[in-house]
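For reference, the structure discussed in these notes is given below.
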Amino acid sequence: MRNRSVFISGTLDARTPPSNAEEVRAGFPNSEHMIIENGTHDDDLFLPSQLILQGVLEFLRGEPVSETRVRLERKFVTQAPWEN
């Protein structure tokens, strides 16, 4: 595939870890991979870090993604959201 692609994955994503994206990238020679340290499958990608939003905007503008590894603070959940 000749089109540009960006893969975004989180290191705490048990369903689709970064290794899966790396495997798929083999078929996308014009791709980049942004890895979110402490990111999960369900994280809201645009709110936790300005660097994530910056990377997405760079990609959409046709620019290289400047930060391919972004670290989020680890969150510990003590109560399930539905138990409020």
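The values are calculated or read from the model by the stated rules, or taken from the named source; none is laboratory data. Every value quoted in this text rests on a predicted model; they were computed, and no experiment measured them. Positions of Cβ are backbone-derived with ideal geometry, glycine not excepted, and every protein chain shown enters the neighbour counts.
Remarks
- Count - residues of segment 42-84 that are modelled with pLDDT of 80 or more and touching a helix residue (DSSP H, G or I) at 6+ places or on another chain (Cβ under 8 Å): 6
- Residue satisfying all of: in segment 14-29; more than 12 Å from the chain's Cα centre (by Cα) and assigned to a loop (DSSP other than H, G, I, E, B); surrounded by the most Cβ atoms within 10 Å (Cβ to Cβ) among these: F28
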